[in-house]
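Asks: Can you keep this structure in mind? I'll have questions shortly.
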Amino acid sequence: MSELVTGDAVVLGLRPAKLPSRALALSIDLVVVGAAFVLVSAGLAVATSGLDAAAFAAVSVATFLLVLVGAPIAVETLSHGRSLGKLACGLRVVRDDGGPIRFRHALVRGAMGVVEILMTLGVVASIASLVSARGRRLGDVFAGTLVVRERLPAGRSASVPPPPPWLVGRFAGLDLSAVPDELWLAVRQYLTRMHQLDADVGRAMAGRLAGELAGWTGVPAPVGVPAAAYLTAVVNERQARDAHRMWAASPSSSDGPGGTGAGWPMKPPGPTGSGSASVSEGPRGSGAAPAVPPPGAPAPSAPAPGTEPVPPPATGFAPPA
């Protein structure tokens, strides 16, 4: 699945992650971070064995903040919402509007995670995730983020909705050759998921995609046409052109009156190569007309003087008396 749907490296065709998958991802992250914390603490304990109690306590607090709090924040910021556990479970942290998270979002989530995950052993985070309709914990609510599923089961693809009837064929003369495939994929992903988005977010995203599409075509969107309807009409026009090209390139597309396919057999071309078959003399007794010479052929020579003309072949009918 592509990550160029919104222009911010976020896929639209994702669904909010629920508590079981989030708990599994969090467990993986806690195991990795806990192992790193134990190793770092053991190394520091050996290195700071000569320090007094106050200095050792300060080093321990700094290690806790750097490893258990700072490391997850840095990983989520650099990976745009993918920690090791989320990557293994196919999850990702995004903003409410579908964009990638920044440092401030990861910082708020990490700070709240200390309270609702580490200090309460995940009880507060579990209750908040169960209560929320989109499975968000308190850190997601305060940071304005959402954990979504990046991997969906195969075969769960939706079709692009048809355009309004009054827009069908309106963009037949639009030049679509310069539009990149990434933008087509972005528009298609939006159209298949636009009914699952928030109304305001969907309108803003449709306007942005329509503006990008109009920039590549060189023709602005018609005034008064909604952005979503404009996108559906243009995508429908591209699909119609692709279908026409596929039909024209297929071997059976030439079947028809005057075609060369097997469904419409043609007569072999005549002697002149003009494509029309010459009228030949039928079998004797069939009443067919005599052969007609093709255009440009020399006329039959007249019989020489003193010789009897050769009678024409019999037709099987006696002339009237």
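The values are calculated or read from the model by the stated rules, or taken from the named source; none is laboratory data. This is a predicted model, so every value here is computed, not measured. We place every Cβ from the backbone using ideal geometry, glycine too, and count neighbours over all the protein chains shown. Just the protein is used for accessible areas: all its heavy atoms, side chains included, with ligands, DNA and RNA removed. Shrake-Rupley method; radii C 1.70, N 1.55, O 1.52, S 1.80 Å.
Asks: Can you give the accessible area of residue 61, probe radius 1.4 Å, in Å² rounded to 10?
Replies: For residue 61, solvent-accessible area is about 80 Å².
Asks: Give the Rg (one decimal place) followed by the Dmax (whole number) of region 162-206, computed from C-alpha coordinates and expressed in Å.
Replies: In order Rg, Dmax, the Cα atoms of region 162-206 give 12.6, 33 Å.
Asks: With every protein chain present, what accessible area does residue 63 have (1.4 Å probe, heavy atoms only), rounded to the nearest 10 Å²?
Replies: 10 Å²
Asks: Can I ask one more? When only DSSP loop residues count, what trypsin sites (Lys or Arg not before Pro) in region 83-146 have their Cβ near at most 16 other Cβ atoms within 10 Å?
Replies: 102, 134
Asks: Further question on the same structure: So how long is each side of region 84-226 along the principal axes, counting just the alpha-carbon atoms, biggest first, in Å?
Replies: Reported extents, whole Å, longest axis first: 63, 33, 26.
Asks: Show me, bin by bin at 10 Å from 0, the whole-percent P(r) of region 19-167 based on Cα pairs.
Replies: All Cα pairs, binned at 10 Å, distribute as 10, 35, 27, 16, 8, 3, 1, 1, 0 percent.
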